[in-house]
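**Q** After the structure tokens below, expect a handful of questions from me.
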Amino acid sequence: MKRDFTCIVCPKGCQIHAEFEGSKIINIEGHTCKRGVAYVTDELTCPKRTLTTTVATNSDIMVPVRTNAAVPKELLFDCMKEINKIVLDKSVKTGDIIIKDILGTGADVIATGDAEL
Ligand code: SF4
């Protein structure tokens with residue numbers, strides 16, 4: 001099979017063309033570093049994404065959060081359900097871990113902004 005990918009690992013966004021059988025890459029072109037090969041390999045075996053969203057606090061402010069590593073795409077909805085159960089205290093600060101090892105993925109959910117501005 002053949003498929004085109006847009007690598008999302010860095011802002012360069014290389015257009016990668018890959019030929020593969022199952023999850024085995026036969027030929028790959030368009031990547032400018034080995035992370036592109038790893039990205040396509042992941043896309044063929046276990047696609048992953050960094051989850052970015054906001055969490056409510058006990059004040060009127062929403063706090064931006066993200067996972068500190070990519071999580072399997074198939075778990076994104078379940079991760080959102082876990083995150084939506086939370087109401088943070090307004091004392092939360094950038095870098096605080098909100099959920100450790102969410103759903104056993106190895107990724108922590110961390111605050112990327114302060115609740116109090
Ligand atoms: S292949 Fe490398 S340079 Fe190109 S977008 Fe992916 S990480 Fe960036």
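Values in this text are rule-based calculations from the coordinates and carry no lab data. Remember, predicted model here, so these are calculated numbers, not experimental data. Reconstructed Cβ throughout: ideal geometry from the backbone, glycine too, with neighbour counts over all protein chains shown.
**Q** Is it fair to say Ser59 is surrounded by fewer than 13 Cβ atoms within 10 Å (Cβ to Cβ) and either touching a residue at least 60 places away in the same chain (Cβ under 8 Å) or more than 16 Å from the ligand (Cβ to nearest atom) (or both)?
**A** Criteria not met by Ser59.
**Q** In segment 23-42, which residue that is buried (at least 16 other Cβ atoms within 10 Å of the Cβ) and either assigned to a loop (DSSP other than H, G, I, E, B) or not small (Gly, Ala, Ser) (or both) is nearest to the ligand (Cβ to nearest atom)?
**A** His31
**Q** Still on this structure: Name the pairs: first residue in segment 22-40 and farther than 15 Å from Lys12 by Cα, second residue within 14 Å of the ligand (Cβ to nearest atom) and among the hydroxyl-bearing types (Ser, Thr, Tyr), Cβ to Cβ under 7 Å, at least 6 apart or on different chains?
**A** Ile25/Thr41
**Q** Something else now. Residue check: is Asp78 acidic (Asp, Glu) and under 19 Å from the mean Cα position of the chain (by Cα)?
**A** Here the answer is yes, as Asp78 does meet what is asked.
**Q** Among the residues of segment 43-52, is any surrounded by fewer than 12 Cβ atoms within 10 Å (Cβ to Cβ), free of Cβ contacts under 8 Å to residues at least 40 places away in the same chain and assigned to a loop (DSSP other than H, G, I, E, B)?
**A** no
**Q** Right, next: Conditions: (1) of a type outside the set (A, V, I, L, M); (2) more than 29 Å from Thr112 (Cα to Cα); (3) within 11 Å of the ligand (Cβ to nearest atom). Phe20 meets all but one. Number of the miss?
**A** The one condition Phe20 does not meet is (3).
**Q** Collect the residues in segment 43-56 that are within 15 Å of the ligand (Cβ to nearest atom) and of a type in the set (S, T, N, Q), keeping them in residue-number order.
**A** Result: Thr50, single match.
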